[in-house]
Amino acid sequence: MGFSITLLIIIVTALVSIGAWQDRRVFLALLFEPFVIRARGEWHRFVTHAFIHADGYHLFVNMFVLYMFG
C-alpha cells in the first residue's frame, strides 16, 4: 500500500470543513457565489467550495463516497 491521493483529499477536506464550521468567515470566504466571483475576481472559489460542507453528515457521506470510488 502506497501513498493515497484519495486519503489526502479526504483529510484536507475534513480539516477545511471543520475549520469553516468553527469560523463563519472562513466558510463564507470559500463558498461558491457567482456574483462574488465575477465582481471581485475571486476565481479560487471555483475550487475551494469543494472543500467545505454544511454539516457532519454531509461531510461523512461525501467522503465515504469519495473513498469508495476513489
So the helices (runs of 4 or more DSSP H) completely within segment 1-62 holding 1 or more residues that are touching a His at 6+ places or on another chain (Cβ under 8 Å) and in contact (Cβ under 8 Å) with a residue 40 or more places away in the chain are 5-22
Go through 27, 64 for me and flag whichever is modelled with pLDDT of 95 or more, over 10 Å from the mean Cα position of the chain (by Cα) and surrounded by 11 or more Cβ atoms within 10 Å (Cβ to Cβ).
64
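The values are calculated or read from the model by the stated rules, or taken from the named source; none is laboratory data. Everything numeric in this text was worked out from a predicted model, so none of it was measured. Please note: Cβ atoms are built from the backbone with ideal geometry, for glycine as well, and neighbour counts cover all protein chains shown.
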